[in-house]
Structures are given as structure tokens and as C-alpha cells.
Ligand SMILES: [Zn+2]
């Protein structure tokens, strides 16, 4: 089985147990919208029984083109081996006009739901459903493993909610528009992004106006996703006195975020530390 990103791979391992072997294509430190189309991905996709993805077009940069050359019809979109974890997710930021014409990377709504731990249950269910479709004799095991994962997750979600209570109402900016789901969970008030639109590089003028807005509204928290350069975050921090939290939008980016729970935990701790 192939998962596009490390945190989906980890949940798939939890759900699949010893009946499956799961590898991730992207690394946790990469930008999901700019993962290179590595030739080494092609044989892996060719041999895969399933491809587990975020969906909503998140893997647009690498997955569709590689699937086209991988010659594995059973994992193409709509086929049983295509497990799209967004199937039960209601997308935020759904735009009126579905277009990538200006280079925007969220044409089907915001795909970064995996950063919000409340969505882990829907991800586990989508994966259990997909595995059961492909391997009916394992259905009972997948359902049991998914239930155990969701029970552990529910406990952690309550702990994270309590631990992060001081973040409620805090104003913050991020580099990319990838915090909408997590911000809703934590009660963070997102006040803008370094990118004027998702996937569009900032101009000096946009940065200047963001800094002015941050000063006017006393925004004291800058979220820098680890795959983006530190320059603009540092510049904004100097202009506004806001502190920087370095977080990841995929699992596996930091030594303590190799599994899904570690990924969420690292981000919340980094936000709390910077918001002190
Ligand atoms: Zn994005």
C-alpha cells in the first residue's frame, strides 16, 4: 500500500495491522503542493494494491501525472484501490470558481484537514473502508483496529483541547492557508497569510500590508510551516514583535513527530511555546 504522506501512512499502519505494508511517497518536510515527480515513485505506484490520498486536489503536483505512467488501473481515481481520505470531510474555503488559473493550489476547497486531529477518525474510517473493499476477509480486523485507533484519538483530542485552552482567541498568521481546520479546533483567530493566495508567492507590498495589519490588530503569533523559508517569518517578527512557531502540515517532519499523534502533539506544543 502507498500513502501519499507520512501521517496517512501511519494511520493506515494502525488500521491495517499486520495485514498490510504501507509506505509514504512524500517526506514530512516537503510541501504537498510541490512534491517532485520522482521517477522512483513510478514502480512503487505500479506495484501498489492501494493508493491512500488526502484528496481535494492536494497531491496535484505529483500524483495524477505519475498515476498516468504507472500502469496500475486498479489504483486510479474511482477504482477500489484508490482510497481518498476526504470522502467524509466537509471542505472549508470552497471557492465559487474552480480554477488554478492564477497558480492557486486549493481549487477544490482547503485540503489541509489532516492537521486537525478531529479529522483523524474520518481518515481511519476511509482507510478501513478501503482496506475492507480490497481484502474482505480482513474487514473485521480493520474495523476493530480503526475503532481502537479512534478511541485512543478521542482521549488525546480531549487532552489537547485542555492543554491548548490558552490559545483560544489568539490571533495568528501563517505562511500558507493551511491552518483553517486546526485553527477551528484550537480557537485560533487566523488573521492572514504571507501568501496573498494559496500557492502565490508574496510580494514586498503584500508583506508590508500584512505587517501593518498585524500591528493594527496586535497579532503576536506567526506560524511558519517548516517547508517554507524562514525569511518572511523573521522579517514579520522584526516588524511586529510577534513570535514564531515552527510547525509541520505533514507527519514525519521532526524527530518527535514520526507518528500521527507525535505530529499533532509537536504542533500544539510549538504553538503553546510561541504564544507564551
Ligand atoms: Zn495548501
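Rule-based calculations on the coordinates, nothing more; no lab input. Since the model is a prediction, treat every value here as computed from it, not as a measurement. Note: ideal-geometry Cβ built from the backbone for every residue, glycine included; neighbour counts use all protein chains shown.
Residue 220 to residue 34: FRET efficiency via 1/(1 + (r/R0)^6), r the Cβ-Cβ distance, R0 41 Å, to the nearest 0.05?
Once rounded, the FRET efficiency stands at 0.90.
Starting from the 7 Å offset along Cα-to-Cβ, what nm value, one decimal, do you get for the label separation of residue 135 and residue 19?
Placing both labels 7 Å along Cα→Cβ, they lie 0.6 nm apart.
Mind sorting 14, 170, 38 by how few other Cβ atoms lie within 10 Å of their own Cβ, fewest first?
Fewest-to-most Cβ neighbours within 10 Å comes out as 38, 170, 14.
The stretch 14-60 to the stretch 210-276: how many Å between their Cα centroids?
26 Å
So what is the 222 nm mean residue ellipticity for the chain from helices alone, if each DSSP H run of at least 4 adds -39500 (n - 2.57) and you divide by all residues, rounding to the nearest 500 deg cm²/dmol?
That calculation yields -12500 deg cm²/dmol at 222 nm.
Which residues in the stretch 37-51 place their backbone N less than 19 Å from a point set 7 Å from the Cα of residue 76 along the Cα-to-Cβ direction?
The answer is 42-51.
Describe numerically, in nm with one decimal, the distance between label points set 7 Å from Cα along Cα→Cβ at residue 87 and at residue 231.
With each label point 7 Å from Cα toward Cβ, the separation is 4.4 nm.
Work out how much length residue 276 to residue 205 would gain on full extension: take 0.36 nm times their residue separation and subtract the Cα-Cα distance, in nm to one decimal.
22.6 nm
Could you list 235, 160 in order of exposure, starting from the residue whose Cβ has the fewest other Cβ atoms within 10 Å?
235, 160
If I take every Cα pair under 8 Å that is 6 or more residues apart in the chain, average their sequence separation and divide by the length, what percent do I get for the relative contact order?
Here the relative contact order equals 19 percent.
May I ask you to list the residues of the stretch 38-74 whose amide nitrogen lies under 14 Å from a point 7 Å from Cα along the Cα→beta-carbon direction of residue 95?
57-58
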